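Encoded as structure tokens, the structure appears first; notes follow it.
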Amino acid sequence: MSKKEESKTPMLDELEDGPWPSFVTDLKNLAKKKPAIGQLLGQLEQSYEERWDHWLGTVINTPGYGGGIIARYSDIGNKFPDIAQFHTIRVIEPAGWVYSTDALRQLCDISEKYSAGILQFHGMTGDILMLGSNNEKTLEAAEELMEKGWDIGGSGNGMRTLACCIGPAYCEMACFDTLKTTKFLTDTFISQLHRPEFPYKFKFKLSGCPNDCACSIQRSDMPIIGTWRDEIQVNQKEVKKFIDEKGEEYVVDNVITRCPTKCITLKNKKIEIDDKNCVKCMHCINVMHKALAPGKDRGVTILLGGKRTLKIGDTMSSVIVPFMKLDTDEDYEKLIDLVRRIWEFWTEHGMDHERVGEFIDRVGLGTFLDGIGLEPDPQMVRHPRTNPYIKFEELAPPKIGGEPKAAPNVVDKEIEGREMVVEMKK
Amino acid sequence: MAEKKKMAPRDNGSPDYKKFLHPMMAKNYGKWKYHENIRSGVNMYVAESGDRLYVVRAGSTRTMSVDTVRKVCDIADKYCQGHLRFTSRSNLEFLVTKKEEIEPLIKEVNDKLGFHVGGTGHSISNILHTQGWLHCNLPGTDAAGAVKAMMDVLYEDFINERLPQRVKISTSCCQINCGGQADIAINLQHHHPPKINHDNMKICEHPKVVAICPVAAIRPAKKDGKDTLEVVEEKCMYCGACHGQCPSMEIRDANTDTLAIWVGGKSSNTRGGPSFMKLATYGLPNNPPRWPEVSDAVKRILNAYKEGAKEEERIGEWIERIGWKRFFEVTGFKFTKYHIDTYRYARTTFNTSTQVRL
Ligand code: HEM
Ligand code: SF4
Ligand code: SF4
Ligand code: SF4
Ligand code: SF4
């Protein structure tokens, strides 16, 4: 009863033409040894014809984990039985997406042994996706992956797989070790990744400098971005070379006038930077990267609250730590402490399905800072508020509006050195 | 049931990247001096030690068979000491230490993989893409196919560096938009409230679905004596958040879903800092297998950008300088009342000055 019906895919066939490589051709070749892929293409063809999707989604879990597998069932599984169950395993990628071919071949072998043999490098979150196994094989594949030292995970209301830029591995702009920090955070918080316990998902993305090649401000809850707080390093010899090569006008048009704070001046083929007003945007360094380099006293800026469109529309993360060093073990401890405080406050007071940025929108950044024990800083805002509807806790008469609620105090705040915005009289 | 096998270790964590680094990367880690563009698609990274690493970038299809990945590995074994890298936009990066091996490598990438080298500097990068009909449960359109069709049309701008700045393109196949913010984004657009499948209303947790609606348009209801939900149609903005939570709230429609194009997103903190993309045009047909109307519109934007932008200006910065009035003139897209924001921060997007271009 081998009804090896060869799926007819006239619409997909059109995607085999043209200069760009075709996933259809690749999958057709794969179908020669994996019949399930023929059926996958059959279902996809039907989607193209009907402009209609045929996947249902749920979750299945491997023992000990609450995430890492995206389950997909075909709603026309009777027509395409080999893909009736066609799940994806999310595998944690190596930081920076650098691989040895041995590692890649191992993934290929596991994929071919248990699944339909499709890999995606990478998912939108940054993880490796292994597509196409049924209920049973998915769990077996997961076991073999973990046996070989890989780990899976990152779905549901927990921490997601991190992503970072290539940083110090080959980029001269890197102001901190994005790869090390990505591994460090993943391993430190591996339980939060595997056992979802937050109101909703939480993503870190790390970029080695403000060029933000990991798109962290727009695509993650907590971007960690490399920066510096001393002077841009200027090599005047290279500056002169650049000017001789490109002309003074080019430098004025493409560097001097493009500086957002107009803090660069050009005199006698020398560049002078008013570093106090440099906002570390990277532009001048990008254009004159042989002549200029980030300063030497390096660290990170940390932001919070970014997400994509769902519900409230896209939001960018905003600054919560303008600068901190990230060199020593103590520095890393401080980072861990900050993350824990954020998670505790958000998990306790956040509503179901509320990203941390939405939560901050609801309770206010001021209250949020109180809750996690961080001092307000003018660098956290573009400008102070423009409306007068302020609830000064210090001045509210306690008895009239009922007892004021104590500011949620999940952590011990460091009161020391705190400057009161409103000085209480008497 | 088979006897219980021993469980593999849990919580392995992030693979050790140090084992995967190319030896030249490991040796010069954090000690890179500068880089230079050798040719389109190839950058040379020079370390303080004097070492030179040539990074050859090639656009992949992202969705790859194990056989294709193995071919990639063969090439990396031959030319890259068995190491390679993927970028955030699904490009492959081959890591080469001998300059004379660049051209033979590129030839093999072209011949054996059919991939093209490019995507560096001021070019369009490989298009960020989502899952679509291949593997997501929510899409109204496809991702991999749409990307393939568009890259066929745009690939000259991938293999050459002839744009004023980088152009990042993304797609999203439902209004959750899991594709990224980008200089140009092609996103699906729904056009009516979800149609509720009352018979199927049993698996979902009603309060969760009610709570997820950003405009509180969903409320509990009774139909034929059974508990179900209803949608206040005037409030609903067709965002599809409920559909992600509950498959019985069907937001998609093969007959009415269309595609919209957004422009001017930027992640980098350079110059004016990060920005969100804005609506350029809408109502393009969801037209598989090649979505020609979408490619045409994207080309139109790119051509106007090439023509009008100054060096180093990203699409959003170019538009900011010339103004939206001029953008609509040079692209020929029509500005309508649907371009005017009606959501949360609408008023902050209005022109509250006399600064107009006349
Ligand atoms: C030495 C290495 C690199 C340098 C010097 C570099 C430089 C830059 C610069 C200058 C920008 C900002 C462009 C602007 O708006 O002015 C940028 C943005 C970006 N880079 Fe890189 N880059 C490097 C490596 C990478 C790699 C390996 C990737 C991975 C694909 C990458 C992905 C991106 C992305 C996605 C953006 C866009 C952010 C946006 O939309 O504004 N970069 N990069
Ligand atoms: S974010 Fe900065 S350090 Fe990281 S790859 Fe981009 S330019 Fe280099
Ligand atoms: S990094 Fe940006 S802000 Fe700082 S001097 Fe250069 S262009 Fe100006
Ligand atoms: S954009 Fe929407 S439909 Fe497309 S893959 Fe992402 S969640 Fe799924
Ligand atoms: S589509 Fe969006 S606005 Fe409409 S009911 Fe669903 S969640 Fe609410």
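The values are calculated or read from the model by the stated rules, or taken from the named source; none is laboratory data. Everything quoted here is computed from the prediction, not taken from an experiment. Don't worry about glycine lacking a Cβ; one is built from the backbone with ideal geometry, like all the others, and counts go over all protein chains shown. Just the protein is used for accessible areas: all its heavy atoms, side chains included, with ligands, DNA and RNA removed. Shrake-Rupley method; radii C 1.70, N 1.55, O 1.52, S 1.80 Å.
Strands (runs of 3 or more DSSP E) wholly in the stretch B:152-247 with at least 2 residues that are of a type in the set (Val, Ile, Thr) and under 26 Å from B:Ala260 (Cα atoms) - which ones? Quick ask: steps written out before the conclusion?
On the way: elements: B:169-172, B:184-189, B:218-223, B:226-231.
Here the list reads B:169-172, B:184-189.
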Residue that is nearest to ligand 5 (Cβ to nearest atom) [pool: residues in the stretch B:146-173 that are under 15 Å from the mean Cα position of the chain (by Cα) and either more than 10 Å from chain A (Cβ to nearest Cβ) or open to solvent by 20 Å² or more (accessible area, probe 1.4 Å) (or both)]: B:Thr171
Some residue of the stretch A:318-326 being among the small types (Gly, Ala, Ser), open to solvent by less than 10 Å² (accessible area, probe 1.4 Å) and more than 16 Å from ligand 4 (Cβ to nearest atom): no
Residue list for the stretch B:232-259, filter: within 16 Å of ligand 5 (Cβ to nearest atom) and under 18 Å from A:Arg308 (Cβ atoms): B:Met237, B:Tyr238, B:Cys239, B:Gly240, B:Ala241, B:Cys242, B:His243, B:Gly244, B:Gln245, B:Ile251
Test: A:Gly357 is in contact (Cβ under 8 Å) with a residue 60 or more places away in the chain and part of a loop (DSSP other than H, G, I, E, B): no
Members of the stretch A:260-288 found to be farther than 23 Å from B:Lys33 by Cα and within 10 Å of chain B (Cβ to nearest Cβ), listed by number: A:Pro260
Of all residues in the stretch B:114-145 being touching a Pro at 6+ places or on another chain (Cβ under 8 Å) and either open to solvent by less than 20 Å² (accessible area, probe 1.4 Å) or hydroxyl-bearing (Ser, Thr, Tyr) (or both), the one that is farthest from B:Pro292 (Cα to Cα): B:Phe115
Complete set of residues in the stretch B:335-348 that are without any contact (Cβ under 8 Å) to a residue 12 or more places away in the chain and of a type outside the set (S, T, N, Q): B:Phe335, B:Lys337, B:Ile340, B:Asp341, B:Arg344, B:Tyr345, B:Ala346, B:Arg347
Residue count, the stretch A:211-256 (criterion: in contact with a Gly (Cβ under 7 Å, 6 or more places away or on another chain), outside any loop (DSSP other than H, G, I, E, B) and open to solvent by 60 Å² or more (accessible area, probe 1.4 Å)): 1
Complete set of residues in the stretch B:255-270 that are open to solvent by less than 20 Å² (accessible area, probe 1.4 Å) and more than 16 Å from ligand 1 (Cβ to nearest atom): B:Asp257, B:Leu259, B:Ala260, B:Ile261
The stretch A:300-316 - residue that is within 16 Å of ligand 4 (Cβ to nearest atom) and either within 13 Å of the chain's Cα centre (by Cα) or hydrophobic (A, V, I, L, M, F, W, C) (or both) and, of those, nearest to A:Arg160 (Cα to Cα): A:Lys307
B:Met201 in contact (Cβ under 8 Å) with a residue 40 or more places away in the chain, away from ligand 4 (no atom under 16 Å from the Cβ) and over 30 Å from B:Tyr282 (Cα atoms): yes
Which numbered condition A:Lys28 misses (of (1) among the charged types (D, E, K, R); (2) free of Cβ contacts under 8 Å to residues at least 12 places away in the same chain; (3) out of contact with any helix residue (DSSP H, G or I) (no Cβ under 6 Å at 6 or more places or on another chain)): (2)
Options A:Lys276, A:Lys280; residue that is within 15 Å of ligand 2 (Cβ to nearest atom), open to solvent by 10 Å² or more (accessible area, probe 1.4 Å) and outside the structural domain of A:Cys213 (by TED's automatic domain parsing): A:Lys280
Pair list, Cβ under 9 Å, 6 or more apart: the stretch B:71-93 residue farther than 22 Å from A:Ala95 by Cβ and open to solvent by 20 Å² or more (accessible area, probe 1.4 Å), other residue among the basic types (Lys, Arg) and in a helix (DSSP H, G or I): B:Lys71/B:Lys112; B:Asp74/B:Lys112
Some residue of the stretch A:312-333 being within 14 Å of chain B (Cβ to nearest Cβ), assigned to a loop (DSSP other than H, G, I, E, B), within 16 Å of ligand 2 (Cβ to nearest atom) and not aliphatic (A, V, I, L, M): yes
Number of positions in the stretch A:55-78 that are more than 8 Å from every other protein chain (Cβ to nearest Cβ), part of a loop (DSSP other than H, G, I, E, B), of a type outside the set (Asp, Glu) and under 34 Å from the mean Cα position of the chain (by Cα): 6
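Whether any residue in the stretch A:44-54 is in the same structural domain as A:Lys113 (by TED's automatic domain parsing), part of a strand (DSSP E or B) and either among the small types (Gly, Ala, Ser) or farther than 18 Å from B:Ala143 by Cβ (or both) is what I want to check.
No.
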Contacts under 6 angstrom Cβ, first residue in the stretch A:169-182 being over 13 Å from A:Tyr332 (Cα atoms), partner assigned to a helix (DSSP H, G or I) and not small (Gly, Ala, Ser), 6 or more apart: A:Ala169/B:Met25; A:Tyr170/B:Met25; A:Ala174/A:Pro168; A:Leu179/B:Tyr17
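Return the total of residues in the stretch A:283-293 being within 9 Å of A:Cys259 (Cα to Cα) and under 25 Å from the mean Cα position of the chain (by Cα).
1
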Looking only at the stretch B:6-47, and only at residues there that are on the phi > 0 side of the Ramachandran plot and open to solvent by less than 10 Å² (accessible area, probe 1.4 Å), the one that is nearest to the other protein chains (Cβ to nearest Cβ): B:Gly13
Failed item, numbered, when A:Thr328 is tested on (1) away from ligand 5 (no atom under 16 Å from the Cβ); (2) assigned by TED's automatic domain parsing to the domain that holds A:Val363; (3) within 21 Å of A:Cys213 (Cβ to Cβ): (3)
Single condition A:Gly313 does not satisfy, out of (1) open to solvent by less than 50 Å² (accessible area, probe 1.4 Å); (2) in contact (Cβ under 8 Å) with a residue 24 or more places away in the chain: (2)
Residue check for A:Ile224: β-branched (Val, Ile, Thr), assigned by TED's automatic domain parsing to the domain that holds A:Leu206 and at pLDDT 95 or above: yes
Spans of helices (runs of 4 or more DSSP H) in the stretch A:89-203 with at least 3 residues open to solvent by 10 Å² or more (accessible area, probe 1.4 Å) and not assigned by TED's automatic domain parsing to the domain that holds A:Gly306: A:101-114, A:135-147
Among the candidates A:Glu45, A:Glu50, residue that is more than 17 Å from A:Thr138 (Cα to Cα), without any contact (Cβ under 8 Å) to a residue 60 or more places away in the chain, of a type in the set (Asp, Glu) and surrounded by fewer than 20 Cβ atoms within 10 Å (Cβ to Cβ): A:Glu50
